[in-house]
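A.B. asks: Before anything else, here's the structure in question.
The values are calculated or read from the model by the stated rules, or taken from the named source; none is laboratory data. Since the model is a prediction, treat every value here as computed from it, not as a measurement. In case anyone asks, the SASA skips ligands and DNA or RNA and just uses the protein heavy atoms, side chains included. Shrake-Rupley method; radii C 1.70, N 1.55, O 1.52, S 1.80 Å.
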Amino acid sequence: MTDRSSTFSRASLLTAVAVALSVFPAGPSHAEDNIKIGVVLPFTGPWAKNGNESYVAMEIARDMINAQGGINGKKIAFFRGDAPDPSAGKSEAERIITRRASS
């Protein structure tokens, strides 16, 4: 793996963790109809093919889980963010977190 792709992979992983932590806060659960997950992947740029293929796989898994009643009766919903590079990933994660906090 090149230094650039390794850096991008680490940045993507850190972004995913930050979004997951914001979507699933510690403490008492909130009464919501859906489990909302931020998905930050490269949908444009040189890594777009990988990002789009990964998203399709996530959609299939989400649809299969939702078809079986979801998780504890709650359906999974995605917030999609485009991250063609690490700085865009950070911006998209912040946008999703802000959107999540206001909804």
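A.B. asks: Sorting Thr44, Thr98 by accessible area (1.4 Å probe), largest first, what list results? Numbers along the way, then the final one.
C.D. replies: On the way: Thr44 65, Thr98 90 Å².
Result of the area sort, largest leading: Thr98, Thr44.
A.B. asks: Quick check on segment 45-95: what does the Kirkwood estimate of hydrodynamic radius come out to from the alpha carbon pairs, in Å?
C.D. replies: Working: mean 1/r = 0.0807 Å⁻¹.
So the Kirkwood estimate lands at 12.4 Å.
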